[in-house]
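The values are calculated or read from the model by the stated rules, or taken from the named source; none is laboratory data. What you see is a predicted model, and the numbers here were worked out from it, not measured in a lab. We place every Cβ from the backbone using ideal geometry, glycine too, and count neighbours over all the protein chains shown.
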Amino acid sequence: MNPETEFREGLDELASHYKEVLTLLGEDPTREGLQKTPMRVAKAMQILTRGYTQDPHKVLTDALFAEDYDQMVIVKDIDFFSMCEHHMLPFYGKAHVAYIPNGHITGLSKIARVVDIFSHRLQVQERLTHQIMECINDTLKPQGVMVVIEAKHMCMQMRGVEKQNSITTTSAYSGVFEAMKVREEFMSLLRGESKRI
Ligand SMILES: Nc1nc2c(ncn2[C@@H]2O[C@H](COP(=O)(O)OP(=O)(O)OP(=O)(O)O)[C@@H](O)[C@H]2O)c(=O)[nH]1
Ligand SMILES: [Zn+2]
């Protein structure tokens, strides 16, 4: 994708606000190293929030295939970066998604794309987890879906409580994953060593 096409309306205005922010932080936005910084930051922020302009439901429905497979499909270790809505600082980690189809499967990459879209919005980890689950549930209408996210929050590392090693785990599930036995199967497959292929 041409990066220039990712930028949205309001870019110049956003940059002018960041110029003001630099001044308010005690910097001189006219010094050489900072002259282009407001525009760089504005572009970076538009990229980090591009999920507002993307439709995750469409991504899934565009690659829906009729298939009889009715065992668990797991896409694990999906790397993501997001920003917490409280401090606008990054949180990042891995998302693991499982679903049991009900006549339809979707392209595997589309699961990762859904994670990507919701994570490119201001989030809390719990909502991110739930939105991914709900989107897959509503579009694929599977027998069940479960999402687990493990993440580190920069707002807990760089500031505030300053805990460097804490990891937050969240989960959301529907349908057959209501049964403990099914959730345990997913969790044990998650813990299993991936074969190197
Ligand atoms: N539940 C949840 N909390 C989050 C997430 N990201 C950041 N937070 C928390 O949001 C809370 C905001 O609390 P406030 O007391 O309003 O803000 P604060 O004074 O900056 O809090 P501290 O981080 O404790 O200094 C903090 O406890 C953050 O750790 C998230 O994804 N989920
Ligand atoms: Zn935060």
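Scan ILE132, ILE100, ILE105, ILE136 and give me the residue that is more than 16 Å from ligand 1 (Cβ to nearest atom), under 22 Å from THR53 (Cβ atoms) and either of a type in the set (A, V, I, L, M) or not assigned by TED's automatic domain parsing to the domain that holds MET72 (or both).
Numbers: ILE132 fails: more than 16 Å from ligand 1 (Cβ to nearest atom); ILE100 fails: under 22 Å from THR53 (Cβ atoms); ILE105 fails: under 22 Å from THR53 (Cβ atoms).
After ruling out the rest, the residue left standing is ILE136.
With the requirement that a residue be in a helix (DSSP H, G or I) and either touching a strand residue (DSSP E or B) at 6+ places or on another chain (Cβ under 6 Å) or exposed (fewer than 10 other Cβ atoms within 10 Å of the Cβ) (or both), what does the stretch 158-188 give you?
VAL176, PHE177, MET180, LYS181, PHE186, SER188
Could you give every pair whose Cβ atoms fall below 6 Å, whose first residue belongs to the stretch 164-176 and is modelled with pLDDT under 95, and whose second residue is not in a strand (DSSP E or B), counting only separations of at least 6 or pairs across chains?
Note: pairs meeting the criteria are GLN164/GLN157.
Answer with yes or no whether THR30 is surrounded by 16 or more Cβ atoms within 10 Å (Cβ to Cβ) and not assigned by TED's automatic domain parsing to the domain that holds SER119.
No: the conditions fail for THR30.
Scan the stretch 77-111 residue by residue and report those that are away from ligand 2 (no atom under 16 Å from the Cβ), over 20 Å from GLY175 (Cα atoms) and crowded, with 17+ Cβ neighbours inside 10 Å.
Correct list: ILE78, LYS110.
Out of (1) in contact with a Phe, Trp or Tyr (Cβ under 8 Å, 6 or more places away or on another chain); (2) assigned by TED's automatic domain parsing to the domain that holds PHE186, the odd one out for VAL41 is which?
(2)
Would you mind listing the helices (runs of 4 or more DSSP H) fully within the stretch 1-102 where at least 3 residues are of a type in the set (Ser, Thr, Tyr)?
Passing ranges, in order: 11-24.
May I ask you to say which residue of ILE136, ILE100 is of a type in the set (Val, Ile, Thr), more than 21 Å from the chain's Cα centre (by Cα) and closer than 17 Å to LEU60 by Cα? Walk me through it before giving the result.
Working: ILE136 fails: more than 21 Å from the chain's Cα centre (by Cα).
Testing whether each residue is of a type in the set (Val, Ile, Thr), more than 21 Å from the chain's Cα centre (by Cα) and closer than 17 Å to LEU60 by Cα leaves just ILE100.
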